[in-house]
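> Have a look at the structure that comes next, please.
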Amino acid sequence: MSGIYRYHELIGSIIPLDAIIYLGEGHTPVVAANGRLEQWAGIPFYFKNDGQNPSASFKDRGMASAFSYLNHLMATQNLETVLAVCASTGDTFRCCGALCLLSDGRCQIRGAVAAWQGHAAATWPASWEWAKVIEIPGVFDDCMKIVESLSENFPVALMNSKNAWRILGQESYSYEIAQHFDYDLQDLVIVVPIGNAGNITAVLEGF
């Protein structure tokens, strides 16, 4: 295995290897800043370029993990079709789409994405037909309430970072950093972007 699944024993050991769905997410490079940036910052620093994931998002790590577990559940519970739902600001359903393209023909995962009204058209690639995009009046939190209600009351899978398998997949970010620095992390400071704090939760859990 490669990418995040080099750490299969840590992020999904109960999932058989033949149930894993991924596009090689993870194993993104740690790139040293150039001299000018180091001088500006006053210290040596690096970029962990997760933009080199398949859909250019760090969320690809978690989506690979969540979809793999969902695929495993379908096989073990004899489910023919599963509906995956998520609320999105744009970034989440880009990586959902990439992974469902990969799953096509291997498992029947269909998707529904809740995006706030007027936002979906600018962010959803027209070539990805795996999911129905539903525009919701309001903001992201309103979309989140709807998909949470769907997952609590109907047989659908919530694919936002409240899904523990999303967090597990994103923990691989920490493992890769630790390996890169040969596990010498005593004076290392890591800065990551967060929205609803799923990413920082995963990074902390990983370390």
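Bear in mind these aren't lab numbers, they're just calculated from the coordinates by the rules spelled out. Not measured: the values here are computed from a predicted model. Cβ atoms come from the backbone with ideal geometry, glycine included; neighbour counts cover every protein chain shown.
> Using the number of other C-beta atoms within 10 angstrom as an exposure proxy, rank Val191, Val30, Val82 with the fewest first. Walk me through the numbers on the way to the answer.
Values: Val191 7, Val30 13, Val82 19.
With the sparsest Cβ surroundings first, the list reads Val191, Val30, Val82.
> Still on this structure, please answer the following. Among Ala33, Leu23, Tyr46, which residue has its Cα positioned farthest towards the positive end of the charge dipole of the chain, with +1 placed on the Cβ of Lys and Arg, -1 on the Cβ of Asp and Glu, and the dipole taken about the Cα centre?
In the chain, that residue is Leu23.
> How big is the dipole moment of the chain about its Cα centre under a simple scheme where the beta carbon of each Lys and Arg is +1, that of each Asp and Glu is -1, and everything else is neutral? Debye, nearest 20, please.
Numbers: 12 positive and 21 negative charges, 69 e Å.
So the magnitude is around 340 debye.
> Would you list Arg6, Arg166 from fewest to most Cβ contacts within 10 Å? Mind dumping the intermediate values first?
On the way: Arg6 16, Arg166 27.
Listing Arg6, Arg166 from fewest to most nearby Cβ atoms yields Arg6, Arg166.
> Another question about this same structure. How large is the translational diffusion coefficient of the chain in µm² per second when you combine the Kirkwood radius over alpha carbon pairs with Stokes-Einstein at 20 °C and 1.002 mPa s?
Numbers: Rh = 17.9 Å.
For the chosen part, D equals 120 µm²/s.
> Given the -39500 (n - 2.57) contribution per DSSP H run of 4+ residues, what per-residue ellipticity at 222 nm results for the chain, rounded to the nearest 500 deg cm²/dmol?
Numbers: 9 runs with 85 residues, N = 207.
Result for the chain: -12000 deg cm²/dmol, rounded to the nearest 500.
> Which longest uninterrupted range of the chain lacks any GluC sites (Glu not before Pro) assigned by DSSP to a loop state (not H, G, I, E or B) and surrounded by at most 14 other Cβ atoms within 10 Å?
Details: sites that count: Glu80, Glu129.
That gives 1-79 as the longest site-free run.
> Give me Tyr175, Tyr69, Tyr7 ranked fewest to most by other Cβ atoms within 10 Å of their Cβ, as a rough exposure proxy. Intermediate values should be presented prior to the final figure.
Working: Tyr175 17, Tyr69 24, Tyr7 21.
Ascending Cβ contact count within 10 Å gives the list Tyr175, Tyr7, Tyr69.
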